[in-house]
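Notes follow once the structure below has been shown.
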Amino acid sequence: MGEVMTSADARRFFATDASVLSMTPAVVVYPRNENDVRKTARFTWQLAERGRVIPITARGSGTDLSGAALGSGIMLSFPAHMHKIMELDSKSGVVTVEPGINYAKLQQTLHTHDRFLPPYPASMEYSTIGGAVGNNSSGEKTVKYGDTRDYVRSLRVVLANGEVIQTGRLSKRELGKKLGLATFEGEIYRAIDALIEENQHLIDKMVSGVTKNSAGYALSDIKRRDGSFDLTPLFVGAQGTLGLVSEVTFETEVFVPTPTLLVAHFDDLEKAQAAVLELRDQSEMPSALEMVDDNLLRLVERLNPNLLNNVITKPFPRVVLLIEYDTPGERQQKKAVRKAEKILNKIGATVTVESDPRQQEKYWMIRHSSAVVVGHTEGGIKALPIIEDGIVPPERFKEYLEGLYALFERNHLQAAVWGHAGDAHLHVQPFLDLSQVGDRQKTFKLMDEYASLVLGLGGSISGEHGEGRLRAPYLIKQYGPEMYAVFQKVKQIFDPYGTLNPGVKVNVTLDSVKSLLRSGYTLDHLYGHLPRT
Ligand SMILES: Cc1cc2nc3c(=O)[nH]c(=O)nc-3n(C[C@H](O)[C@H](O)[C@H](O)COP(=O)(O)OP(=O)(O)OC[C@H]3O[C@@H](n4cnc5c(N)ncnc54)[C@H](O)[C@@H]3O)c2cc1C
């Protein structure tokens, strides 16, 4: 068995993630291998059978923004030992890893084989693969390549009772065999198959107009028309509430290290929206379609003006779009870029085209300057990740932006917006002081108004960070009571005793979340995570 720790220091370290919530675990366990994970689950299952429920929370690097990497029972920390690449087939690009591996380290290895894993989160220098699978993470390349769920081919998962299963797409015949198993795995296959059959009409409606989604349980791609069946998509984005992932097999893409970047300045939102829609409509999708607004630029100018030197000058445009093409083949890439440039010029944007990687890096600084906002502190005032993950259908992009500005104005807050314009998935973080009663109340008022805005536009409360604890009370609003009841049944099927990360995703009240709100917010733990062995 790996280490088990109960010291106050260890428990305090794991009492926060990157969310505004906190909860102290009773014990920290560092599993050495899958067998340790299995033994931990078996232990809590046996106790639960006798009426004592001890929650298990799987943890990668704890950069979760939704409070889903917190728990009151056993904190199962994967990065210490379970961080190996098990297999890498450089021909097919299929790679199998343990969940605690650092995302950026895996990416570096893949690059040396001319491959990459496209849905990397902006936090990849700190975060793990297990966390990306837990949250169905995505990032700047998702507009073209899709999210984590699109790349997970199969998983090894430790179930709530300690049984280990291997997921992957099964033919109708293979499914028949699983349905006949006299094990917990067999029970799960039978119950999920029946649940899907009974609720197909609701599940079909789950697929909305958004381009990616991390809220709820992903039921729509488990059973296909050909009768094939795969539990993998359900575990991706489940935030450790259905099983503990002990191994992940990914497909990867060919890495093109020489993209071209277009930087487009817009003087109004209407034109920016027109550009996003038209660029999305082309046969060659940009490999990134990112934005920052003028409020962000003004804030950066005030807080760290050096970042903008020689990159962007005043007067600032209303919106800056960064549009990248990584099309393989020089001629093909040039063609895609020329077409995009033409579209942007026609719409009335000011466009710069850059193919030199060093110059491109300079322009990417504009987008990455959002880190200035995230890291900004004035006394107790911090930029809080409380309304940072809403996504709407791309055609509602402009309305979403306008709604955000109105929300900030109503609440007398400074708005700065950045994010994944191509997916109409925007990030905002209001400056508030959690030690002040007024600001604590405002936190939940803002969350309420924000959820109404995003859901009113046909969107999802979570594009990539997960609803976790923080946003879970809004899940019923997003999907309606019938679909929510299906989610509750999913949870009941996989986790009948409620040992797997309870209080995350379903069965969460706003009052329970309010009681977990921190009295001050920092991201300090990210910089001092336990050393990897
Ligand atoms: C500054 C900043 C920027 C960010 N940018 C992005 C971004 O661009 N895109 C994005 O998607 N997210 C982003 N995030 C959120 C977060 O970093 C990512 O979702 C990341 O993938 C989480 O990885 P982690 O290792 O920190 O996981 P953790 O925070 O430790 O865990 C995340 C979830 O996964 C579950 N989990 C972890 N390991 C396992 C396992 N082995 N089995 C089952 N469940 C498991 C946990 O229980 C938890 O629910 C950002 C966060 C910060 C602080």
Discussion item. For the stretch 218-286, what does the relative contact order come out to in percent, with C-alpha contacts under 8 Å and a separation of six or more?
Written reply: 15 percent
Worksheet item: Within the chain, which DSSP H helices have Cα atoms that stretch 18 Å or more along the helix axis and a mean Kyte-Doolittle hydropathy of at least 0.5?
Response: none
Discussion item. Relative contact order for the stretch 1-70: what percent, with Cα pairs under 8 Å and sequence separation of 6 or more?
Written reply: 41 percent
Fill in: Global form of the stretch 464-507, assessed from the alpha-carbon gyration tensor, a/c cut-off 1.5
oblate
Discussion item. At 0.36 nm per residue, and after removing the present C-alpha to C-alpha distance, how many nm does the segment from Ser355 to Glu409 gain when stretched out fully?
Written reply: 15.5 nm
Fill in: Among beta bridges that DSSP assigns inside the chain, antiparallel share in %, nearest 5
85 percent
Item to complete: Report the relative contact order of the chain, percent, no decimals, based on alpha-carbon pairs under 8 angstrom and at least 6 residues apart.
Response: 19 percent
Worksheet item: Shape of the stretch 122-183 from its Cα gyration tensor (a ≥ b ≥ c, root eigenvalues): rounded if a/c is under 1.5, otherwise prolate when a/b > b/c, or oblate?
Response: oblate
Discussion item. As a test of reading the structure, rank Asp114, Asp89 by solvent-accessible area (1.4 Å probe, protein chains only), most first.
Written reply: Asp114, Asp89
Worksheet entry | Entries of Lys144/Lys339; Lys91/Lys212; Lys91/Lys177 with Cα pairs more than 25 Å apart | Lys91/Lys212; Lys91/Lys177
Worksheet item: Relative to the Cα centre, what is the charge dipole magnitude of the stretch 1-130, using +1 at the beta carbon of each Lys and Arg, -1 at the beta carbon of each Asp and Glu, and rounding to the nearest 20 debye?
Response: 360 debye
Response to the item:
Each label sits 7 Å from Cα toward the beta-carbon; between Asn345 and Glu482 the label points are separated, in nm, by 5.2 nm
Worksheet item: Can you pick out the pairs among Lys314/Lys334; Lys342/Lys362; Lys172/Lys505; Lys84/Lys382; Lys382/Lys514; Lys141/Lys178 whose Cα atoms lie more than 26 Å from each other?
Response: Lys314/Lys334; Lys172/Lys505; Lys84/Lys382; Lys141/Lys178
Fill in: Accessible area per residue, Å², the chain with all protein chains present, probe 1.4 Å
40 Å²
Response to the item:
On the accessible surface of the chain, probed at 1.4 Å with all protein chains in place, carbon and sulfur together account for a percent value of 50 percent
Discussion item. So if each residue of separation counts as 0.36 nm, and I subtract the Cα-Cα distance between Glu3 and Thr377, what length gain in nm does that give?
Written reply: 131.0 nm
Worksheet item: How much length is gained on full extension from Ser228 to Arg338, taking 0.36 nm per residue of separation minus their Cα-Cα distance?
Response: 35.4 nm
Fill in: Alpha-carbon Debye profile of the chain, log10 I(q)/I(0) at 0.06, 0.08, 0.11, 0.12 Å⁻¹
-0.28, -0.50, -0.97, -1.17
Worksheet entry | Gyration tensor verdict on the stretch 75-150 (Cα atoms; rounded if a/c is under 1.5, prolate if a/b is larger than b/c, oblate otherwise) | oblate
Fill in: Point-to-point label distance, Thr522-Lys172, nm (Cα→Cβ direction, 7 Å offset)
6.0 nm
Item to complete: Mark the label point 7 Å from the Cα of Phe444 along Cα→Cβ and return the residues of the stretch 391-429 whose backbone N is within less than 20 Å of it.
Response: 411-412
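The values are calculated or read from the model by the stated rules, or taken from the named source; none is laboratory data. What you are looking at is a predicted structure, and each value in this text was computed from that prediction instead of being measured. We place every Cβ from the backbone using ideal geometry, glycine too, and count neighbours over all the protein chains shown. Note: accessible area is taken over every heavy atom of the protein model, side chains too, but ligands, DNA and RNA are not part of it. Shrake-Rupley method; radii C 1.70, N 1.55, O 1.52, S 1.80 Å.
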